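Report on the following structure.
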Amino acid sequence: MNEPVVIIGGGIIGASVAYNLASLYSLRNSIVLEKSRLGSGSTSGSLGGFRHQFSNETAIKLTIESVKILDQFEAAFGYDPLVRRDGYSFIASEENSLAQLKKNLELTKRLGINVEFLKKGELQWRFPFYSFEGIIGGTLCMADGHASTLAVLQGYVSKSKTLGVKFYENTEVIGISVEDGEVTAVVTAESRIETSKVLIAAGAFSGVVGKLAGANIPIKPYPRKILVTHAFSSSIPSEIPLIIDVDSTLAIGREGNGMILADNEPTDSSFELSFPANYDDRVISKAVKRVPSLANASVAYSDIGLYEMTPDSNPIVSEIEGIEGLYCCSGFAGHGFMHAPAIGRIMAELIVERKTHIDISEYDLGRFGSEKAQNSERLII
């Protein structure tokens, strides 16, 4: 393949795919185009969480493979991803939610990952700083944890550059040429790049980019905000799992010496990173009811970004039917970082070999608009 593969989007997904194309298939002339700075989109707003607890078997397999790569990342890339297994705990106050958590637990355990089921009393004993009033049970997986998004992104970008991949920042794509149903070029304000292979990995903007080629990619942006407090230790251990109430949508965990406070309450789709004036106060109020000692904490900063959502909350990882050579790898609903190591290899396989070592057929774009039942992911945080 003499022509370059052009990747639109310089976040963690695009960088991982570029690296895998170069390292696995010697496609060292690949080009990554980023309209702003590398990693400035959803990657910059990610706290680097990874978890095995999903209601979707493919997602669990992607996490298993990605974590294996993260564990060997420093040796391979020269950047320490700062992996820490502090765990994820999902708790529920509704019987149907708890039943779903139990199903997820059995699925995850069947794939070889240890997950505990904890009744309310056990939760209270394990995490005495948290008020579990109204909670009927939950799950805990200590194989889950966090890593540094910046270190992993820099590792992929740096290694890709040594292999010949070109990264262009502040380069917005304004056109994708398609002739007779085949991709022929990508157009920016500065140049026209002849190519027969284009990957859209533009996160929440992938739907907009797809329209440049006449493709309908059903990905919408949803703003998300995470509050991080100043250093805080009152009665709370330095390492705790991220505790997510699946019914109230509240998440509380550690970020360095501070605390993470997040509320995944649904918002309207928008590219605008704006929130109601009382948003922070509402989140803090919910958090204090669960962790009373947080009344003494103060907010240091917030992380704001866009979730890239598909109708079934699962990503699109496929070639786009009807436009040969055009691919999409987006719509990860906040799970892009944790799945990027595995999905980078899978996307490279799909582009070059048209087959993948993990079956991702359920992530094909063609599932939308068909009569095939969509297996929606139920754990979105």
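The values are calculated or read from the model by the stated rules, or taken from the named source; none is laboratory data. In this text, all values refer to a predicted model and were calculated from it rather than measured experimentally. Please note: Cβ atoms are built from the backbone with ideal geometry, for glycine as well, and neighbour counts cover all protein chains shown.
What is the residue count in the stretch 9-35 for residues that are assigned to a strand (DSSP E or B) and not β-branched (Val, Ile, Thr)? Step through it out loud before you land on a result.
If we filter the stretch 9-35 for residues that are assigned to a strand (DSSP E or B), which is where we start, we get 31-33.
Filter once more, keeping what is not β-branched (Val, Ile, Thr): 33.
Adding up the residues that qualify gives 1.
Please find, within the stretch 142-168, the residue that is surrounded by the most Cβ atoms within 10 Å (Cβ to Cβ) out of those that are basic (Lys, Arg) and assigned to a helix (DSSP H, G or I). Working first, answer last.
Just the residues of the stretch 142-168 that are basic (Lys, Arg), to begin with: 159, 161, 166.
Pick out the ones that are also assigned to a helix (DSSP H, G or I) and you get 159, 161.
On the way: Lys159: 19, Lys161: 15.
Among those residues, the one meeting the criterion is Lys159.
The residue that is surrounded by the fewest Cβ atoms within 10 Å (Cβ to Cβ), counting only those in the stretch 306-326 that are touching a strand residue (DSSP E or B) at 6+ places or on another chain (Cβ under 7 Å) and closer than 16 Å to Ala340 by Cα, is Ser318.
Here is a list: Ser36, Ser26, Ser89, Ser44. Which entry is out of contact with any helix residue (DSSP H, G or I) (no Cβ under 7 Å at 6 or more places or on another chain) and without any contact (Cβ under 8 Å) to a residue 60 or more places away in the chain? Before the answer, list the steps.
Details: Ser36 fails: without any contact (Cβ under 8 Å) to a residue 60 or more places away in the chain; Ser89 fails: without any contact (Cβ under 8 Å) to a residue 60 or more places away in the chain; Ser44 fails: without any contact (Cβ under 8 Å) to a residue 60 or more places away in the chain.
Among Ser36, Ser26, Ser89, Ser44, only Ser26 is out of contact with any helix residue (DSSP H, G or I) (no Cβ under 7 Å at 6 or more places or on another chain) and without any contact (Cβ under 8 Å) to a residue 60 or more places away in the chain.
Among the candidates Phe77, Phe90, Phe50, Phe54, the residue that is buried (at least 17 other Cβ atoms within 10 Å of the Cβ), aromatic (Phe, Trp, Tyr) and over 26 Å from Leu306 (Cα atoms) is uniquely Phe77.
Assess whether Ser233 counts as being out of contact with any strand residue (DSSP E or B) (no Cβ under 7 Å at 6 or more places or on another chain) and over 22 Å from Pro276 (Cβ atoms).
yes
Residues satisfying the criterion are absent from the stretch 129-141 (criterion: loosely packed, with under 15 Cβ neighbours inside 10 Å, of a type in the set (A, V, I, L, M) and not assigned by TED's automatic domain parsing to the domain that holds Thr43). Listed by first and then second residue, the pairs with beta-carbon distance under 6 Å, at least 6 apart or on different chains, first residue in the stretch 346-363 and farther than 13 Å from Val17 by Cα, second loosely packed, with under 12 Cβ neighbours inside 10 Å and modelled with pLDDT of 95 or more, form an empty list.
Within the stretch 68-101, the set of residues being in contact with a Pro (Cβ under 8 Å, 6 or more places away or on another chain) and not charged (D, E, K, R) comprises Ile69, Leu70, Phe73, Gly87, Tyr88, Ser89. Here Val288 meets the list (1) more than 22 Å from Leu365 (Cα to Cα); (2) crowded, with 16+ Cβ neighbours inside 10 Å; (3) in contact (Cβ under 8 Å) with a residue 40 or more places away in the chain almost entirely, failing just condition (3).
Among the residues of the stretch 169-186 satisfying the criterion of being assigned to a loop (DSSP other than H, G, I, E, B) and touching a strand residue (DSSP E or B) at 6+ places or on another chain (Cβ under 7 Å), which is farthest from Val208 (Cα to Cα)? First the steps, then the outcome.
Just the residues of the stretch 169-186 that are assigned to a loop (DSSP other than H, G, I, E, B), to begin with: 169-172, 180-181.
From what's left, touching a strand residue (DSSP E or B) at 6+ places or on another chain (Cβ under 7 Å): 171-172, 181.
Numbers: Thr171: 16, Glu172: 12, Gly181: 19 Å.
Looking at the filtered set, the residue picked out is Gly181.
Residues of the stretch 55-84 that are modelled with pLDDT of 95 or more and in a loop (DSSP other than H, G, I, E, B): Gln72, Gly78, Tyr79, Asp80, Pro81, Leu82, Val83.
Evaluating Gln154 against the criteria (1) in contact (Cβ under 8 Å) with a residue 24 or more places away in the chain; (2) over 26 Å from the mean Cα position of the chain (by Cα) leaves one unmet condition, (2).
For Ala287, the conditions (1) assigned to a loop (DSSP other than H, G, I, E, B); (2) within 22 Å of Arg51 (Cβ to Cβ) all hold with the exception of (1).
Scanning the stretch 101-121 finds no residues that are closer than 29 Å to Ile343 by Cβ, of a type in the set (Ser, Thr, Tyr), touching a Leu at 6+ places or on another chain (Cβ under 8 Å) and crowded, with 18+ Cβ neighbours inside 10 Å. Just so you know, in the stretch 356-377 the residues that are at pLDDT 95 or above and part of a loop (DSSP other than H, G, I, E, B) include one that is surrounded by the most Cβ atoms within 10 Å (Cβ to Cβ), and it is Ile360. I'd like the full set of residues that are more than 26 Å from Glu133 (Cα to Cα) and touching a residue at least 12 places away in the same chain (Cβ under 8 Å), limited to the stretch 93-113. Residues satisfying the conditions are Leu107, Thr108, Leu111, Gly112, Ile113. Scanning the stretch 256-284 for residues that are in a loop (DSSP other than H, G, I, E, B), among the hydrophobic types (A, V, I, L, M, F, W, C) and modelled with pLDDT of 90 or more turns up just one, Phe271.
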